[in-house]
Amino acid sequence: MNTYLNDLVAYRKKKTRLFKWKVVETYRTERVQASEIEERLGISGTELRRLNRSYFRYRLLPLLFPKNRRKAMKRDADYVKMLEKKLAETENQFLRLQAEAYQTVIQIAEEQFHIPIIKKPGARRPKN
């Protein structure tokens with residue numbers, strides 16, 4: 001005798017949703033064969049398959065794919081956009097700092113080595 005079936009036999013008269021889900025859970029975990037369920041509990045194979053489908057639809061599916069998944073995906077998309085914007089701002093800030101560093105290096109080189117590196121405004125190219 002299977003102890004799982006013995007526990008279920010006591011609840012057989014009520015046939016509540018809990019009883020049906022316990023039967024399906026027992027069947028899905030392969031603790032009991034379908035033929036044993038049919039024989040001991042009086043649930044046909046067709047009924048067991050129907051209970052299994054409804055168990056999956058109403059008990060497991062909401063856990064696997066919650067209804068608010070679309071909202072979560074939208075929030076994820078908004079989060080990605082926010083991160084992209086932040087990255088662009090950081091890149092712009094980096095480029096500004098890099099340009100400032102180059103300007104500082106050029107100014108120091110001009111002062112120390114007396115080399116004209118920066119073109120003066122309005123300077124013309126010499127004619128050949």
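The C-beta contact set for segment 17-38 (first residue surrounded by 17 or more Cβ atoms within 10 Å (Cβ to Cβ) and modelled with pLDDT of 80 or more, second residue assigned to a helix (DSSP H, G or I) and of a type in the set (D, E, K, R), distance under 8 angstrom, 6+ apart or interchain) is empty.
In segment 16-26, what residues are part of a helix (DSSP H, G or I) and not aliphatic (A, V, I, L, M)? It would help to see each step written out before you state the result.
As a first pass, look at segment 16-26 and keep what is part of a helix (DSSP H, G or I): 17-26.
Hits for segment 16-26 are Arg17, Phe19, Lys20, Trp21, Lys22, Glu25, Thr26.
Kindly establish whether Lys67 is within 32 Å of the chain's Cα centre (by Cα), modelled with pLDDT under 80 and of a type in the set (Lys, Arg). Lay out the reasoning, then the answer.
On the way: within 32 Å of the chain's Cα centre (by Cα): yes; modelled with pLDDT under 80: yes; of a type in the set (Lys, Arg): yes.
Yes, satisfied.
Is there a residue in segment 51-68 that is closer than 30 Å to Lys20 by Cβ, in contact with a Lys or Arg (Cβ under 6 Å, 6 or more places away or on another chain), of a type outside the set (Lys, Arg) and surrounded by 11 or more Cβ atoms within 10 Å (Cβ to Cβ)?
In the first step, residues of segment 51-68 are kept if they are closer than 30 Å to Lys20 by Cβ; the result is 51-68.
Those still in the list that are in contact with a Lys or Arg (Cβ under 6 Å, 6 or more places away or on another chain) too: 51.
Right, trim to of a type outside the set (Lys, Arg) and you get 51.
Among the residues that remain, those that are also surrounded by 11 or more Cβ atoms within 10 Å (Cβ to Cβ) are: 51.
Checked against the condition, which is being closer than 30 Å to Lys20 by Cβ, in contact with a Lys or Arg (Cβ under 6 Å, 6 or more places away or on another chain), of a type outside the set (Lys, Arg) and surrounded by 11 or more Cβ atoms within 10 Å (Cβ to Cβ), segment 51-68 yields at least one hit.
The values are calculated or read from the model by the stated rules, or taken from the named source; none is laboratory data. In this text the structure is predicted, and so the values were computed from the model without any measurement. Ideal geometry is used to build each Cβ from the backbone, glycine not excepted, and the neighbour counts take in all protein chains shown.
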